[in-house]
Amino acid sequence: MSDAPHSLEMRQPDSTYRDFIAWSLVGLLPWLLYVQLDQSLPFDQLIFLCLALAAIVMWIFRLTPDFVPGLALILVVTLLDLVPRDIAFSGFYSQVFFLVFGIFVLAALLAETSWLARLERVLVRKQASFPTRLCAVVCAGILLTLVVPSPLGRASMVQPLVHRFFRNGRPRNNAFLALAHMHGTTLLSTIILTGNPLNFVLLGMLDDQTSGRFEWMGWLKATSAAGLVIAIGFVAVLAVLSIASRRKSTPDDTDAALPRIDADPLRDWATLGLYAILLAAILSRSIHQIPLEWIVLSLAMSVFFFSGLTLATLRQRFDWPTLIFVATVVAWGPMLDHLGLSQWLADQLPVLVPLFAQSLHLGFAVLMIGVFVIRLAVPGAPAFIILASTLLPFAEVIGISPWVLGFVILTVSEGFIWPYQHGVFSQTVTALDAERTEYSMPSLIIFNIVFFLLRCLAVFVSIPFWKALHLI
């Protein structure tokens, strides 16, 4: 494992040529699809597929913010009268929309508290050892996974804590801290319902009965076997990183200035109180039977009633683009069903049926290989949307729960090896390069491969558990 630091001088390529090619594909590929399927599909279905393909190409090349193609799609299909307005905009008044909205409000409130700054202050004052710092970064990321739905948002919140511990001249240690930061905030994102907005998108793609079964505790129960495998593997990797570091506390911490804390004790403790109420309401839901989205939304409204967030803070901290993105994507399922495209898409990929009939392990292996190959070119969110919309209709034919198929696609598609494949990795590398911090890129790549394989292993280990739950 080489310790040679990654190049600190990163040239920004001219993107004009790339954008020209990408926008040309946005116009060309839908037209080619129209010509290819002109005699095979009704006009409404064909036009929708062409518009959806244009949105997908825009997602792949990141030509616009992620919410723009989805919003443009539902606006155009409504104006062309391809889909009724109540179906096209169903995502904006769905249960998933209100659930994500409430969670984002609570996450914005948490971002305004001083708890992470307090942790940073304690670690610096105590001159914590390198393994202790690794564990602190990981624990902060995992705890935030419980309450902050955006992996990139969690990474941004933990980033000041991690950057405090970077040291030039120690590229391997810096790489280990970056690994703890990246995977501490992303590895369990599909295990916990609130860990990723795409988890809510998956819920929105399921029918009401199935989605009701996998709200919060149901989701955690179904993912518990995979989560246990990932947690054990994560602890083992952390132990290897701690041993490989071979260094303890850094001597220059003695004179380091302690971080300044602008604390509001009332807001800090009130925020913890809201999350305590949320946890108690989730655990006692079998008693009160109040839908989860209304619990979360009520707590979010209490934040505004008691002036917990100012408008300026809400504009800065609230992830509006992701909320709109989730709302537009949730409507894909109802639109495909209305146009009769769900069954058509299922009929186009019969190859999975005999593979799963022959062996569940073989079927899942081929599925995960396919997801990995697609993720080499397509970002995580578009890859999941494309694959889930196409493959979920297969679930009943294969004889497994649509949630299981969606969870496997989601878990593998959220894995990453290279920076361009995930926003958290890209953000981390960009920040390291901008601050001229030395780090070992080979170390990052090698351990990213380990964590990706760990996700795949978690799926295989979960198969007997899912059989016991009658999901397979």
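The values are calculated or read from the model by the stated rules, or taken from the named source; none is laboratory data. Note that the structure is a prediction, hence the values are computed from the model and not measured. Heads up, the Cβs are rebuilt from the backbone with ideal geometry, glycines too, and the neighbour counts pull from every protein chain shown. Only protein heavy atoms, including side chains, enter the accessible area calculation; ligands, DNA and RNA are left aside. Shrake-Rupley method; radii C 1.70, N 1.55, O 1.52, S 1.80 Å.
Helix 43-60 versus the longest principal axis of the chain: what is the Cα-based angle in degrees, 0 to 90, to the nearest 10? Computed tilt is about 20 degrees. Legend: residues Met217, Met335, sorted from most to least accessible area (1.4 Å probe; ligands, DNA and RNA excluded), read Met217, Met335.
In order along the stretch 16-28, phi translates into HN-Hα couplings of 4, 5, 4, 5, 4, 4, 5, 5, 5, 5, 4, x, 7 Hz, rounded to whole numbers, per the Karplus curve 6.51 cos²θ - 1.76 cosθ + 1.60 with θ = phi - 60° and x for Gly and Pro.
Keeping every protein chain present and rolling a 1.4 Å probe, give me the accessible area per residue for the chain in Å².
Details: 21060 Å² over 472 residues.
For the chain, the solvent-accessible area averages 45 Å² per residue.
The stretch between Ile21 and Leu33 holds 2.5 nm of extra length on full extension. This uses 0.36 nm per residue minus the Cα-Cα distance. At an R0 of 45 angstrom, the distance between the Cβ atoms of Val450 and Asp337 translates into a FRET efficiency of 0.70.
Would you mind getting me the FRET efficiency between Arg85 and Leu266? Use the beta-carbon distance for r and R0 = 60 Å, nearest 0.05. Don't jump to the answer; show the numbers that get you there.
Working: r = 44 Å, r/R0 = 0.74.
Approximately 0.85, to the nearest 0.05.
Taking all protein chains together, His361, His470, His288, His183 sort by accessible area into His470, His361, His288, His183, largest first [probe 1.4 Å].
Rounded to the nearest 10 degrees, the angle from helix 265-283 to the longest Cα principal axis of the chain is 50 degrees. The largest accessible area among Phe97, Phe176, Phe372 belongs to the first residue in Phe372, Phe97, Phe176, and the rest follow in falling order (1.4 Å probe, all chains). Peptides 264-275, 426-437 ordered by packing proxy, namely the average of other Cβ atoms within 10 Å per residue, highest first: 426-437, 264-275.
The modelled label-to-label distance between Ser129 and Val353, using points 7 Å beyond Cα along the C-beta direction, is 5.9 nm.
For the stretch 312-465, calculate the relative contact order in percent as a whole number, restricting contacts to Cα pairs under 8 Å that are 6 or more residues apart.
Numbers: 94 pairs, mean separation 31.9, N = 154.
Contact order relative to length: 21 percent.
If one takes the longest principal axis of the Cα atoms in the chain, at what angle in degrees, from 0 to 90 and to the nearest 10, does the Cα axis of helix 360-375 lie? Helix 360-375 and the main axis of the chain meet at about 80 degrees.
Of the whole protein surface, Trp31 contributes about 150 Å² of accessible area at a 1.4 Å probe radius. Determine the shape class of the stretch 304-445: with a ≥ b ≥ c the square roots of the Cα gyration tensor eigenvalues, call it rounded for a/c under 1.5, and otherwise prolate if a/b is greater than b/c, oblate otherwise. It comes out oblate by the Cα gyration axes. Enclosing the Cα atoms of the chain in their convex hull gives a volume equal to 158 cubic angstrom per residue.
Only the Cβ atoms of Lys and Arg (+1) and of Asp and Glu (-1) were treated as charged; on that basis the dipole of the chain about its Cα centre amounts to roughly 1660 debye. For Thr132, the accessible area of its heavy atoms, probed at 1.4 Å with every protein chain present, is near 60 square angstrom.
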